[in-house]
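In what follows, a single structure is set out as structure tokens and then discussed.
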Amino acid sequence: PYYGEKLASMLTLPGSHLQTTTTGSSALIGFTSDLGSQRRVLLINSDDNRKAMITPTWFRRGTDIRIAMYSASSAATPSPITQTTVRSDQPVSAPAQSIVVLSGSPR
């Protein structure tokens, strides 16, 4: 629960606007938060066995998006929350039983 709360706390800041978002998958729950020039998207993959591939259409094309992720497969590692950066036109994988936070410039 701690890591889920830590990632959820990355979603909003005082004054941000939080709303649900469509993901195209019943196993993938999504929320977006906008504040100024930043958008954050939190995705929860509740599927026990399958990863979800996401096209991050919430962000301006060709820009960098930051990814923070926690999954059942990273739970036993020394740093269970992994962080990477990818281009917004690249698909993002949400492993089975994971929470993913994407951050970048909104479309």
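The values are calculated or read from the model by the stated rules, or taken from the named source; none is laboratory data. Since this is a predicted model, take the numbers as computed values, not measurements. Here Cβ is always computed from backbone atoms with ideal geometry, including for glycine, and neighbour counts include all displayed protein chains. Heavy atoms of the whole protein, side chains included, go into the accessibility calculation; ligands, DNA and RNA do not. Shrake-Rupley method; radii C 1.70, N 1.55, O 1.52, S 1.80 Å.
Some values worked out for this structure:
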quantity: Total residues in the stretch 47-68, condition under 19 Å from Thr32 (Cα atoms) and either touching a residue at least 60 places away in the same chain (Cβ under 8 Å) or open to solvent by 40 Å² or more (accessible area, probe 1.4 Å) (or both); calculated: 8
quantity: Residue within the stretch 8-24 that is in contact with an Asp or Glu (Cβ under 7 Å, 6 or more places away or on another chain) and either assigned to a strand (DSSP E or B) or surrounded by 15 or more Cβ atoms within 10 Å (Cβ to Cβ) (or both) present; calculated: yes
quantity: Selection within the stretch 1-52 - touching a Ser or Thr at 6+ places or on another chain (Cβ under 9 Å), farther than 24 Å from Asp64 by Cβ and not small (Gly, Ala, Ser); calculated: Thr20, Ile29, Asp47
quantity: Residue in the stretch 29-46 that is under 12 Å from Ser98 (Cα atoms), outside any strand (DSSP E or B) and open to solvent by 30 Å² or more (accessible area, probe 1.4 Å) present; calculated: yes
